[in-house]
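Right, one structure below, let's go through it.
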Amino acid sequence: MKGIIYNEKTKVFTLRTRNSMYQMQVRQHDTLVHLYYGADVGDMEIDYRIISLDRGFSGNPYEAGNDRTFSLDVLPQEYSGYGNGDYRINSLEVEHEDGSDAVHLRYKSHEICKGKYSLKGLPAMFGTEEEAETLKITLYDRVSGLQVHLLYGVFPELDVITRAVRMENQGEKQVTIQRAMSMEMDYPNMHMDMVHFYGRHAMERIKERLPLHHGVQSVESKRGTSSHQHNPFVILTDKTTTEKSGDCYGYALVYSGNFRCEIEVDQMNQTRFVMGIHPYHFSYRLNKGDIFETPEVIMAYSDRGFGRLSHIFHDAYRSNLIRSKYVTMPRPVLINNWEATYFEFNDEKLLNIAKEAKEIGLDMFVLDDGWFGKRDSDISGLGDWTVNENKIKEGLPALVKKIKDMGLKFGLWIEPEMVSEDSELYRRHPEWCLRIPQRNMNRSRFQLNLDITRKEVRDYIMEQIFAVMDSCDVDYIKWDMNRSVDNVYSLALPNERQGEVFHRYMLGVYEMMERLITRYPDLLFENCSGGGGRFDAGMLYYSPQIWCSDNTDAIDRLKIQYGTSFGYPISTMGAHVSVCPNHQTGRSVPFETRAVVASAGTFGYELDLEKLTPQEKELAKKQIKEYKKMEHLVQTGDYYRLTSPYSNHDYVVWQFVSKDKRETLVNGVMLRNEANPHIHILRLEGLIPDMHYQDMESGNIYTGAALMKAGVPLPPGSGDYQPVKFRFCAKNDEQ
Ligand code: DGJ
């Protein structure tokens, strides 16, 4: 049976999804022990793997008496605390009023209920009573009275399990949480690799695969955002796992701020994995009765390689994480003026671009940075969300009306979390930014982080933005965030609460976004943080798409979008056709190839349309039409990474397959051309072997088996970076 089962006799909890099984058990001294996570192995309890031996220098709890084989230092635990003789990385660290830090968690009770738990003010997967079940296991620390509720959301059909932890101080005294991980997972061995996605601004989510080694290894951000540098999505995998085969486990933190994913291989070659809010500059004081909830982690297991793992995450996010109605709806194909004009524009220039956009068949005009305050460069204006009348002389409502009269939708860029020193807001409220008393502030892009922990700051900013949006019927918002969080101190919080600033900042951002989407339920919302600096599952709860990277170079994007696709649906990646030579790399790539790469995402253009040649305009018209034909595959289809940009230096190719497998699209880029070329044969995936598919270009008919096993030759071309484009449909399907 799928779902949650508790065996009263053996005290084993079994959580079952379509292809995975998860087990834990209450054992001696009320210790909650982790037994197993992996393939469904049937009607079995995997407690037989635990063999207790007397381990030197691994201590024993007092109540174990003379039993020197019972030690928390080597037992696989479900959620461990510091200060009890488990010297590995632990999930929970507290400080009690008397300065001690031990926290010994023991099983107290549990509840199973239909539906999915939710977390106050935090993004999380949602689920109806038919879709999900919740298990709440309560652990407690006898001395302090701290209760720790482990929350498990089980989605049998989606094949995922979610975890989060709720702490509740039921004791008389204060408890300060110093570290509260969202989950812990103990594996009985170390024969695994870690796959993670590191990077930098304009080169995010580069895939790296590393063998686990003894000691602690980590992936983390202390920047107040999930960051360009590391992504809160990590895979643990068998050594032999590939795209198509082998075991692997994906862990995604549904949070957009500081995070830490730590992995320790211990003295017994066991592996412990924890994930949650970064303990750096984190503490949370719980007075009697207070509650703290951690962010959620979404976990999935695949026994069919990384491809299947990605499908699980893609489907789960599209159906039960992203709330926007646009998640599977056609999205307007947009023109964004950033790379076309940067800060230099006026109403006339904008209207000219909009006119061209309409002519080539685009749906929406997006006005990026520079429309407000004294925003003529990035040195000033943030915080003053009223129109810059030097540039937009007739005012925003009149400009928007003209754009809408052309038959286009209108979108607007905002950066609500920031303030420029050169702004009216800063002059009036210098205390509204994060700043450490007596210290000089650390600047970045000349801007400061507003103190989003303060309600009056959030209210003021959102009211200004709502006033603009109400004045001109905005269809789309791009919410940007262009610096890491620093000068971490809130003048509004007492000293002992400064450890809460990073987290309260994130809760404040989530609250602002919630207000935005609640007030404008039809709004299309795109997140952005200097491109993909906050590309995480937390943000997807609010917005169905995120600007994937400030790097619009089609060849660099092959790696960026490839890495992003492991954990995130293709429809969440904002991707635009930009000008060549590219502004970030100076590289030139054919116009058609730029469109092929950008159409593996939420498609748009970001260049000066007035400067397109007549041929390019014709091509753009065709590209937009083609995208509209394939968009449903981007939004609801299965995505296959047919090659890796890291191992294949000749071409990079990917494939979309509709859920009914009657339609498939193969796109990609030939990286280089050679004289007297080899013929490259490409094998497709995910089709029905005995179905007949027609190549929509040549009319040739192939069986699914032929396409998958014999493959198709990539057309030899001339010139570097030529596009690859195939579309096959089940024979006789109407096109
Ligand atoms: C960074 C974003 O990623 C860009 O697309 C653009 O909006 C700029 N900020 C504007 O300042």
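Observations on the model:
- Summing +1 for each Lys or Arg and -1 for each Asp or Glu among the other residues whose beta-carbon sits under 12 angstrom from that of Thr564 gives +3.
- In loop segments of region 258-352 as defined by DSSP, the chymotrypsin sites (Phe, Trp or Tyr not before Pro) with at most 15 further C-beta atoms inside 10 Å of their C-beta are Tyr280, Tyr342.
- Only protein heavy atoms count here; under a 1.4 Å probe, Leu122 has an accessible surface of about 10 Å².
- Cα gyration tensor shape for region 454-550, rounded if a/c is under 1.5, else prolate or oblate: oblate
- For the chain, calculated [θ]222 nm from helices alone, where every DSSP H run of n ≥ 4 adds -39500 (n - 2.57): -5500 deg cm²/dmol
- For the chain, the share of DSSP beta bridges that are antiparallel, to the nearest 5, is 80%.
- DSSP-assigned coil residues among chymotrypsin sites (Phe, Trp or Tyr not before Pro) in region 1-102, each with at most 16 further Cβ atoms within 10 Å: Phe57, Tyr87
- For region 201-240, trypsin sites (Lys or Arg not before Pro) meeting the loop criterion (DSSP other than H, G, I, E, B) and having at most 15 other Cβ atoms within 10 Å: Lys239.
- Rel. contact order, % - alpha carbon contacts under 8 angstrom, at least six apart, region 673-735: 40 percent
- Sorting 569-579, 696-706 by their mean Cβ neighbour count within 10 Å, with the most densely packed peptide first, gives 569-579, 696-706.
- J(HN,Hα) series, region 556-561, from Karplus relation 6.51 cos²θ - 1.76 cosθ + 1.60, nearest Hz, glycine and proline x: 5, 4, 4, 6, 5, 6
- Entries of Lys2/Lys725; Lys622/Lys661; Lys108/Lys244 with Cα pairs more than 31 Å apart: Lys2/Lys725; Lys108/Lys244
- For the chain, the share of accessible area belonging to carbon and sulfur comes to 49 percent (1.4 Å probe, ligands and nucleic acids excluded).
- Considering only alpha-carbon pairs that sit under 8 angstrom and 6 or more positions apart, the relative contact order computed for the chain is 10 percent.
- The residues of the chain present an accessible area of 37 Å² per residue when probed at 1.4 Å with all protein chains retained.
- Inter-part distance where region 145-196 and region 557-613 are each reduced to a Cα centre, Å: 38 Å
- For Tyr280 and Glu8, a Förster radius of 30 Å and the Cβ-Cβ distance give a FRET efficiency of 0.10, rounded to the nearest 0.05.
- Long-range amide H partners of Ala132 with built H, under 5 Å: Gly115
- Distance from the Cα centroid of region 614-673 to that of region 394-422 is 32 Å (rounded to whole angstrom).
- For the residue pairs Lys621/Lys709; Lys409/Lys617; Lys404/Lys617; Lys325/Lys731, the alpha carbons lie more than 24 Å apart in Lys621/Lys709; Lys325/Lys731.
- Rounded FRET efficiency, nearest 0.05, which uses the C-beta distance separating Thr242 from Asn732 and R0 of 56 Å: 0.95
- Length available on full extension from Asp376 to Ser644: 0.36 nm per residue minus the Cα-Cα distance, which gives 92.3 nm.
- Separation of region 480-504 from region 43-60 is 43 Å, based on Cα centroids.
- Charge context of Tyr280, other residues only, Cβ under 11 angstrom, K/R +1, D/E -1: +3
- Scalar couplings 3J(HN,Hα) for region 491-501, obtained by applying the Karplus form with A = 6.51, B = -1.76, C = 1.60 to θ = phi - 60°, are 5, 8, 10, x, 3, 6, 9, 5, x, 9, 4 Hz; x denotes Gly and Pro.
- Set of aspartates and glutamates with alpha-carbon distance to Lys625 below 19 Å, sequence-local pairs under 8 removed: Glu356, Glu359, Asp363, Glu592, Glu606, Glu616, Glu663, Asp695, Glu697, Glu734
- Only aspartates and glutamates eight or more places from Lys239 in sequence, or on another chain, were considered; those with a Cα closer than 16 Å are Asp193, Glu208, Asp247, Asp303.
- At R0 = 25 Å, FRET efficiency that the Cβ-Cβ distance of Val143 and Thr69 yields, to 0.05: 0.50
The values are calculated or read from the model by the stated rules, or taken from the named source; none is laboratory data. What you see is a predicted model, and the numbers here were worked out from it, not measured in a lab. Glycine also receives a Cβ, built like all others from the backbone with ideal geometry; neighbour counts cover every protein chain displayed. What goes into the accessible areas is simple: the full protein's heavy atoms, side chains included, and nothing from ligands, DNA or RNA. Shrake-Rupley method; radii C 1.70, N 1.55, O 1.52, S 1.80 Å.
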